[in-house]
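The values are calculated or read from the model by the stated rules, or taken from the named source; none is laboratory data. Fair warning: this is a prediction, and the values are worked out from it, not measured in the lab. All Cβ positions, even for glycine, are placed from backbone atoms using ideal geometry, and neighbour counts span all protein chains on display.
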Amino acid sequence: MRLVLPAVLLVLCVAVVTGCDNPLEIDRETEIEIGREGAAELEAEHGVVEDAALQHRLDAVGKRVAAASGEPDLPWTFKILDTEKVNAVSLPGGFIYATRGMMEYVESDDQLAGVMAHEVVHADHHHAKSAIEKAMAQSLLAELVTRKSSKTIKQAAGIALELDMRQGYRGKEYEADRFGTLYAFRAGYRADGLRQLLALMHADEGDPARITWLLQTHPPLSKRIQRLDEYVPTLTGKPADGQ
Ligand SMILES: [Zn+2]
């Protein structure tokens with residue numbers, strides 16, 4: 001195993017990360033390419049809402065929180081997926097989506113900023129990258145054993161979509177809530193926007209058809225709200241429900 005692994009990672013570099021210097025790591029350019037490929041698949045599957053006013057609102061909010069993130073120079077794009085499910089998606093490299101359902105669901109730009117900033121954190125903290133590297137290394141190892149062909153960017157994008165849409169970024173959701181709250185606050189929005197949105201969803205948990213994804217892939221809303229109740233006052237100096 002120890003002898004095989006470096007060879008596997010070298011193949012990962014050659015096959016997936018064209019021109020990378022470090023065979024252990026997907027480079028920034030490739031990370032963006034994987035995200036772009038995933039974005040094309042996602043848009044082909046759901047369609048994008050072409051509504052100038054809605055798009056303008058999302059762009060204004062999304063770009064403002066992205067500018068307050070740790071990686072303001074990523075090629076951030078914000079689009080609206082044409083589905084009524086209340087959802088938001090983040091792909092590597094800064095391809096962020098709100099669903100039509102989410103755009104209708106949020107009650108304010110502060111809440112929209114909160115959820116967009118949560119997704120921005122998944123991208124600027126590279127939550128998908130290490131998981132993709134691990135999954136690709138494992139699948140390439142399996143390939144070497146079975147002598148099948150090498151993987152591509154497309155397959156890495158498939159892993160990114162699987163992570164975001166069906167599994168969630170396990171262990172990273174509280175981090176995304178916390179830093180998302182920080183980015184939104186830094187960008188000039190209310191510090192409790194995300195907390196407000198989570199509280200709304202918590203009240204609607206009886207309507208699982210709309211927010212199934214969030215319930216399946218993220219930690220319980222009550223726990224996320226509780227953690228923000230502790231964090232928000234550290235930013236504002238006021239209790240979370242007295243902003
Ligand atoms: Zn998340």
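Here are some notes:
- Out of PHE185, PHE179, one residue alone is crowded, with 19+ Cβ neighbours inside 10 Å, away from the ligand (no atom under 16 Å from the Cβ) and modelled with pLDDT of 80 or more. It is PHE185.
- Qualifying residue in the range 48-64 (condition: surrounded by fewer than 20 Cβ atoms within 10 Å (Cβ to Cβ), among the β-branched types (Val, Ile, Thr) and modelled with pLDDT of 90 or more): yes
- Among the residues here, LEU163 does not qualify as buried (at least 19 other Cβ atoms within 10 Å of the Cβ) and either away from the ligand (no atom under 11 Å from the Cβ) or modelled with pLDDT of 80 or more (or both).
- In the range 102-123, the residues that are under 11 Å from ALA184 (Cβ atoms) and either of a type in the set (Ser, Thr, Tyr) or within 16 Å of the ligand (Cβ to nearest atom) (or both): GLN111, LEU112, ALA113, GLY114, VAL115, MET116, ALA117, HIS118, VAL120, VAL121
- Contact map, the range 192-210: first residue among the acidic types (Asp, Glu) and at pLDDT 95 or above, second residue assigned to a loop (DSSP other than H, G, I, E, B) and surrounded by 14 or more Cβ atoms within 10 Å (Cβ to Cβ), Cβ cut-off under 6 Å, separation 6 or more or different chains; pairs are ASP192/GLN243.
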